[in-house]
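*Asks:* There's a structure below that I have some questions on.
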Number of protein chains: 2
Amino acid sequence: MFCWLSRLFRDLSRSTGRTTQPIWGSLSRSLILSSQRSIPELSSFVARTNTCGELRSSHLGQEVTLCGWIQYRRQNIFLVLRDFHGLVQVVIPQDESAASVKKILCEAPVESVVQVSGTVISRPPGQENPKMPTGEIEIKVKTAKLLNSCKKLPFEIKDFVKKTETLRLQYRYLDLRGAQMQYNLRLRSQMVMKMREYLCNLHGFVDIETPTLFKRTPGGAKEFVVPSREPGKFYSLPQSPQQFKQLLMVGGLDRYFQVARCYRDEGSRPDRQPEFTQIDIEMSFVDQTGIQSLIEGLLQYSWPSDKDPVMVPFPSMTFAEALANYGTDKPDTRFGMKIVDISDMFRNTEIGYLQDALSKPQGTIKAICIPEGAKYLKRNDIESIRKFAVDHFNQEVLPVFLRANRSWNSPVAKFIMEEQGLGLIRLLEIQEEDVVLVTAGENKKACSLLGKLRLECADLLEARGVVLRDPALFSFLWVVDFPLFLPKEENPQELESAHHPFTAPHPSDIHLLYTEPQKVRSQHYDLVLNGSEVGGGSIRIHNAELQRYVLAAVLKEDVKLLSHLLQALDYGAPPHGGIALGLDRLMCLVTGAPSIRDVIAFPKSFRGHDLMSNAPDSITPEELKPYHIQVSWPTDSAKKRAR
Amino acid sequence: MFCWLSRLFRDLSRSTGRTTQPIWGSLSRSLILSSQRSIPELSSFVARTNTCGELRSSHLGQEVTLCGWIQYRRQNIFLVLRDFHGLVQVVIPQDESAASVKKILCEAPVESVVQVSGTVISRPPGQENPKMPTGEIEIKVKTAKLLNSCKKLPFEIKDFVKKTETLRLQYRYLDLRGAQMQYNLRLRSQMVMKMREYLCNLHGFVDIETPTLFKRTPGGAKEFVVPSREPGKFYSLPQSPQQFKQLLMVGGLDRYFQVARCYRDEGSRPDRQPEFTQIDIEMSFVDQTGIQSLIEGLLQYSWPSDKDPVMVPFPSMTFAEALANYGTDKPDTRFGMKIVDISDMFRNTEIGYLQDALSKPQGTIKAICIPEGAKYLKRNDIESIRKFAVDHFNQEVLPVFLRANRSWNSPVAKFIMEEQGLGLIRLLEIQEEDVVLVTAGENKKACSLLGKLRLECADLLEARGVVLRDPALFSFLWVVDFPLFLPKEENPQELESAHHPFTAPHPSDIHLLYTEPQKVRSQHYDLVLNGSEVGGGSIRIHNAELQRYVLAAVLKEDVKLLSHLLQALDYGAPPHGGIALGLDRLMCLVTGAPSIRDVIAFPKSFRGHDLMSNAPDSITPEELKPYHIQVSWPTDSAKKRAR
């Protein structure tokens, strides 16, 4: 149970990075990448001499003082004491002279906190426990102190005891005692520390704190407002330090980073965390390649030593390729099942649905091949897939099975001409027992649908025991060449920024900005890990004229709200770019946790509540008075509408 | 001007901490305190090969590419280029073949951003500039690129050009280009990084982020409120992670730290920073001594290497001693002028004012001696001192001068009996030309007044050229044994917490809690540096019954608002304690900055405004709708009252 922690601390003593020879006296800068790590002193300044988890045969004979929680007791003879570091067996003395010690250790309820002093001794032969890192030794107790007694718990502090998430969040302080939460939070701390070493100590970045009480950004619908004591004046909690980090570049602090707290009010979206953390980075005089190399080095350096090392450089894919091959801008590249365009093969098909699709603008026919689908997917799996396509995409999906006798099994089998069949097999590399899912329609929609089905089918196959995605594999990917603008959903005649209005256009497309802005690609880049977006950034616009044009002419924004930024660009702003990594999501993937709530000490619930303290909560009108606001209670009819 | 930066980076390569011999194979834990630091690579990933500030004779002949701002130009022959690291001289080519390069470099306005490539060459003999770290070399340019042009600036980017603070804050991004702000922010980043190394890498602390959207704490009048999308429900921005850090201890994360963003809405108090940063620390199984040793080690380890090293342990003083000797709980111990009780000497005085004072409860006579006061303090200084005492403390101050002929010069000189005079000289160690300030009255009030006058007179003496406080001296001090409770100002019959309700009582006074709570001392400790409070903490109550008693019986608080914390204490809470260091204040003292605004990248103005972006700002009723609040505009009469 606690073995991982021993590993974690042992790994700290290993050298984790490359070490280059210092070239003293040479003309080039000498660069010593010393990442030798020391073992942290875990018992300095406190009442214990050792942690429970660290004791080994090498400690035999030592007098130790331990502090910890009573994990369990066996027949009033043994007691297992726990701290964050692990478990150790304590022998409860049975002789009359130690009656008071025995009383304390036998009467304290489980999860009480005790301090014991005694000697590290060998377990009697045959009683060693090889599954326990401290299993060769036990503690012969001399004195014991009850530091705090524990009342009856709402649930047991054992990892195998399943608790509802509500209960876990309500008693978060008990949930944190479990080995998994301890591992997650400690690994997070260590990984962030290594990132800081890489940025600060190796590459001269400056850690700068930026304000979180700021001005509302244009279109900042997801920003929490914070009333001030001036009537009608509000601060806003920003979604990222974007403006500040650009202003720092103008200010000549040319390598900035911050582990930044950010806020996003996503209203009624489920699983929202109103505050989250990003590794926020900005550099001057840099291009896309520079930022990408920095991040590759950062992740390689900070990657946990108990995982397979990260290989660099990361592969790169354009947005267009990602969409065409995976139907998403964050492809999971741990497995194949890529989307294949089979339009050409079916130009002269007799299948009406496919004919129809091809006759329309952007019409295509696309397919994915599910290896051994015939073996693992049941009839009703196929039916749910088809229903999903109709319900969510208003699309038909045609399943096509290649039988062992190499004939087709499909509702449209008889319309597949031999030539088409052979073409399909070649293009999709179909094997016997595979299933091909075919859809037709507008290009983007068809790709999106198959992208979703690709992931859906992968989950299904894995649920049936197929190993499709190696759980030890971390597959990083850069996605680049995003469009700079997208048509607004509510009014496709107008454009909005695909990411944010400070993103620089792609140098090759800059002329299109004034003629066909919708065709301009950007210098934005996303970092994708195992199919999740874990970071994104861009080279920014550093020219005030260009920024004004984008804001006013293309996006029709009120430039007054950003006048401070535009002015700053006029006063000698260097070319600059940056990136932000989503730390919560990254840690979630690194630890393999099912939810980001498992890598945050005190997360909000699904509905944005703190279940432990009951926040947000009502406050009195009196308490609102200094802020010159009052609650507008919804009328009954408004409440009904809201439902 | 930029010499400090060279020093800063050179210092990085020095070993800064102690190194102990690893005792391999020994039974005791081997503790390697390796704090060898490497020189950070400042030009990785970017367009430059070197920084402007790093070039020396050792770079002669190298081809370099530099990016920076045009600091100034001399007769179209030289151009001085600046980046964060320093200045370098660039020779503008004069030959016809380089006409385009000359044009770029001669036409770009000052503070424009340029990129130049060329060769590092020696300056001609006699033209070296020993005041400039790069003064032996210059750059022979081959190519130049204008990266961004600069418009006419609102002020010059030179440190000797004095700007108003309003202008500095309005164009903060320009102010940041100055050497002093660069130094302050870079030193802050480095010092925090070293603190993290000490806590994480040397002592196994875990960096844990706690939420800032939380529940209102009882009596939390200084907490900003954040409306949620649920009608009438509000989050609160906490003043510190106090509750969370205690809950982490209950959760077995027994060594926590965080560089925590905290919020405090101080309403109309001047010079408020609504958000600030603290180094927040909590440990289990620790006592006051443990926390103090930890902090002493932390400051020693992270102390800037360009300052005199910090000596440990820090001296300690009780709250009572501090009040008696310095009239404040944060004494500036860099100089003497202590308060002396001279009551006994004047028991039988004929001076009516003193007689009166002694006859009242808590009545005392106190004095401070100002060395060479007769030489440096003018008549109207003494008059303002006396006026200050009357205006702010409703107290008389009697000035007493010891003349060169050892007679007294004072309004009450003739009432000072010889014995009393000799006693005064002995007790206060009075020298000729010294001035003694005497006051009488209720003990605390008399001490507070003299405490204030002590500082006031020190400032006066220093303004007249006396060196009283060594500017290189950092005088740390622990103040301990604070009272646990204080009488409420508005109703002295009731008690409130001197610090916060989670502070543990002093073990020797615990019995008084139930009989005379006002006499109970606490286990709170403050860290004082040069007369400013830079930190404070306490051992906390870990017993639920005791905590309930303090909250309900002594403080008459509604315990329901803290039920989650009380419940947590019931479920096996370990004994624990902690501290928080005010990072902004600490950095202000370390850098010698006149205001904390000089160690914060984007501070708020005196009135809590962001002058650059104009925050807080008005927002539309539409934008408030999702939060179910509306502005209560003050009526004219209410506005008048507010004035």
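The values are calculated or read from the model by the stated rules, or taken from the named source; none is laboratory data. Everything numeric in this text was worked out from a predicted model, so none of it was measured. A quick note on method: Cβ atoms are made from the backbone with ideal geometry, for glycine too, and the neighbour counts reach across all protein chains shown. Quick note on the areas: whole protein, heavy atoms, side chains included, nothing else; ligands and nucleic acids left out. Shrake-Rupley method; radii C 1.70, N 1.55, O 1.52, S 1.80 Å.
*Asks:* Once the convex hull of the alpha carbons of the range B:514-554 is built, what does its volume come to per residue, in cubic angstrom?
*Replies:* Taking only Cα atoms, the range B:514-554 has a hull volume of 88 Å³ per residue.
*Asks:* Tell me which DSSP H helices of chain A clear both cut-offs, 27 Å or more of axial length from alpha-carbon atoms and a mean Kyte-Doolittle hydropathy of at least -1.0.
*Replies:* A:443-463
*Asks:* Go through the range A:105-207 and name the trypsin sites (Lys or Arg not before Pro) that are in a DSSP coil and have 11 or fewer other Cβ atoms within 10 Å of their Cβ.
*Replies:* When the trypsin sites (Lys or Arg not before Pro) of the range A:105-207 are filtered for loop state and at most 11 Cβ neighbours within 10 Å, A:131, A:152, A:162 remain.
*Asks:* Taking the simple approach of a point 7 Å from Cα along Cα-to-Cβ for both residue B:533 and residue B:519, what is their distance in nm?
*Replies:* So the two model labels end up 2.6 nm from each other.
*Asks:* Relative contact order for chain A: what percent, with Cα pairs under 8 Å and sequence separation of 6 or more?
*Replies:* 12
*Asks:* Near the amide H of residue B:610, under 5 Å away, which other amide H atoms are found, from residues 5 or more places off or on another chain, if H is placed in the peptide plane?
*Replies:* B:605, B:615
*Asks:* Accessible area per residue for the range A:521-606 in Å², computed with a 1.4 Å probe and the full protein assembly in place, what is it?
*Replies:* 28
*Asks:* Please go through the range B:388-428 and write out the trypsin sites (Lys or Arg not before Pro) that DSSP classes as loop and that have at most 14 other C-beta atoms within 10 Å.
*Replies:* Details: sites: B:403, B:406, B:414, B:426; in loops: B:403, B:406.
Within the range B:388-428, the qualifying trypsin sites (Lys or Arg not before Pro) (loop, at most 14 other Cβ atoms within 10 Å) are B:403, B:406.
*Asks:* So the label point goes 7 Å from the Cα of residue A:548 along Cα→C-beta, right? Which residues of the range B:79-120 then have their backbone N under 20 Å from it?
*Replies:* Under 20 Å, as judged by backbone N against the label point of residue A:548, lie B:108-113 of the range B:79-120.
*Asks:* Do me a favour and compute the ellipsoid semi-axes for the range B:63-123 from its Cα gyration tensor, root of five times each eigenvalue, largest one first, whole Å.
*Replies:* Values for the range B:63-123, descending: 17, 14, 11 Å.
*Asks:* Give the span of the range A:351-499's Cα atoms along each principal axis, as three whole-Å numbers ordered largest to smallest.
*Replies:* Its Cα atoms span 54, 45, 28 Å along the three principal axes.
*Asks:* Under a cut-off of 15 Å between alpha-carbon atoms, report the aspartates and glutamates in cross-link reach of residue B:151, not counting same-chain residues fewer than 8 places apart.
*Replies:* Correct list for residue B:151: A:545, A:570, B:107, B:111.
*Asks:* OK, next. Under the definition of partner shielding as Cβ atoms of other protein chains within 10 Å of a residue Cβ, what is the mean value for peptide A:195-204? Walk me through the numbers before you get to the answer.
*Replies:* Details: counts 0, 7, 6, 0, 3, 8, 10, 5, 6, 13.
Mean inter-chain Cβ contacts per residue within 10 Å come to 6.
*Asks:* What FRET efficiency comes out for the pair residue A:151/residue B:606, r = Cβ-Cβ distance, R0 = 56 Å, nearest 0.05?
*Replies:* Taking R0 as 56 Å, the efficiency between residue A:151 and residue B:606 is 0.65.
*Asks:* Give, to the nearest whole percent, the P(r) tail of the range A:310-353 beyond 17 angstrom, counting all Cα pairs.
*Replies:* Looking at the range A:310-353, the distances longer than 17 Å represent 50 percent of pairs.
*Asks:* Of all the stretches in chain B, which is the longest one without any exposed loop site, taking chymotrypsin sites (Phe, Trp or Tyr not before Pro) in a DSSP loop (any state but H, G, I, E, B) with at most 12 other Cβ atoms within 10 Å? Can you show the working numbers first?
*Replies:* Numbers: sites that count: B:24, B:160.
It works out to B:161-643.
*Asks:* Using modelled backbone amide H atoms (1.01 Å from N, in-plane), which distant-in-sequence or interchain residues come within less than 5 Å of residue B:318's amide H?
*Replies:* The list, which skips near neighbours in sequence, is B:480.
*Asks:* Compute the relative contact order of the range B:284-408 as a whole-number percentage, counting only Cα pairs closer than 8 Å that sit 6 or more residues apart in sequence. Show your work: numbers first, answer last.
*Replies:* On the way: 75 pairs, mean separation 15.7, N = 125.
It rounds to 13 percent for the range B:284-408.
*Asks:* Another one. Solvent-accessible area per residue for the range A:297-369 at a 1.4 Å probe radius, Å²?
*Replies:* Ligands and nucleic acids excluded, the result is 46 Å² per residue.
*Asks:* With a 1.4 Å probe and every protein chain left in place, tell me how much accessible area residue B:382 has, in Å² to the nearest 10.
*Replies:* Rounded to the nearest 10, the figure is 10 Å².
*Asks:* What ranking of B:85, B:499 comes out by heavy-atom accessible area, probe 1.4 Å, highest first?
*Replies:* Correct descending sequence by accessible area is B:499, B:85.
*Asks:* Quick one, can you get me the convex hull of the C-alpha atoms of chain A expressed as volume per residue in Å³?
*Replies:* Hull volume over Cα atoms, normalised by residue count, gives 253 Å³.
*Asks:* Can you tell me the FRET efficiency between residue B:407 and residue B:595 if r is taken as the Cβ-Cβ distance and R0 is 60 Å, rounded to the nearest 0.05?
*Replies:* The formula returns an efficiency of 0.85 here.
*Asks:* Out of all Cα-Cα pairs in the range A:250-394, roughly what percent, to the nearest whole number, are more than 23 Å apart?
*Replies:* Summing the P(r) tail past 23 Å for the range A:250-394 gives 65 percent.
*Asks:* A further question follows. Heavy atoms only, probe 1.4 Å: what % of the accessible area of the protein assembly as shown goes to carbon and sulfur, would you let me know? Don't jump to the answer; show the numbers that get you there.
*Replies:* Values: 27990 of 53830 Å².
Ligands and nucleic acids excluded, carbon and sulfur give 52 percent.
*Asks:* Test of understanding: express the Cα radius of gyration of the protein assembly as shown as a ratio to 2.2 N^0.38 Å, with N the residue count. Kindly include the intermediate steps, with their values, before the conclusion.
*Replies:* Details: Rg = 35.1 Å, N = 1286, 2.2 N^0.38 = 33.4 Å.
Here the answer is 1.05, to two decimals.
*Asks:* What FRET efficiency comes out for the pair residue B:630/residue A:563, r = Cβ-Cβ distance, R0 = 30 Å, nearest 0.05?
*Replies:* 0.60
*Asks:* Let me know the mean shielding of A:51-58 by other chains, meaning the per-residue number of their Cβ atoms within 10 Å of its Cβ.
*Replies:* 1
*Asks:* Now for a different question. Determine the total buried accessible area between chain A and chain B, counting protein heavy atoms only with a 1.4 Å probe; round to the nearest 100 Å².
*Replies:* In total, this chain pair buries about 13100 Å².
*Asks:* Give me a single rounded figure for B:234-242: the average over its residues of other chain Cβ atoms within 10 Å of their Cβ.
*Replies:* 4
*Asks:* Please get the size of the charge dipole for the protein assembly as shown, origin at its Cα centre, with Cβ charges of +1 on Lys and Arg and -1 on Asp and Glu, quoted in debye to the nearest 20.
*Replies:* Roughly 140 debye for the protein assembly as shown.
*Asks:* Looking at the range A:526-591, which trypsin sites (Lys or Arg not before Pro) are in a loop (DSSP not H, G, I, E or B) and have at most 14 other Cβ atoms within 10 Å?
*Replies:* Counting only loop positions with at most 14 other Cβ atoms within 10 Å, the trypsin sites (Lys or Arg not before Pro) in the range A:526-591 are A:556.
*Asks:* May I have the pair-distance distribution P(r) for the range B:544-588, computed from all Cα-Cα distances with 5 Å bins from 0 and rounded to whole percent?
*Replies:* 5, 18, 21, 15, 14, 9, 11, 8, 1
*Asks:* Need one number: nm distance between label points at residue B:422 and residue B:620, each 7 Å from Cα along Cα→Cβ, rounded to one decimal.
*Replies:* That separation, rounded to one decimal, is 8.7 nm.
*Asks:* Quick one: if you stick a label point 7 Å off each Cα along the C-beta vector at residue B:493 and residue A:123, how many nm between them?
*Replies:* With each label point 7 Å from Cα toward Cβ, the separation is 6.5 nm.
*Asks:* Debye sum, Cα scatterers, the range A:65-190, no solvent: what log₁₀ I/I(0) at q = 0.22 1/Å?
*Replies:* Taken in order of the listed q values, log10 I(q)/I(0) reads -1.32.
*Asks:* If you don't mind, another one. Mind ordering A:575-581, B:464-470 by average Cβ neighbours within 10 Å, highest first?
*Replies:* My ranking of the peptides, most packed first, is A:575-581, B:464-470.
*Asks:* Compare the peptides A:306-314, A:505-513 by average per-residue count of other Cβ atoms within 10 angstrom and give them in order, highest first.
*Replies:* Most protected by this proxy first, the peptides run A:505-513, A:306-314.
*Asks:* When the accessible area of each residue in the range B:278-300 is compared between its chain alone and the complete protein assembly (1.4 Å probe; ligands, DNA and RNA ignored), which residues differ by at least 40 Å², being lower in the assembly?
*Replies:* Those residues are B:285.
*Asks:* Amide H of residue B:78: which non-local residues (sequence gap of 5 or more, or other chain) have their own amide H closer than 5 Å, using H built in the peptide plane?
*Replies:* B:92
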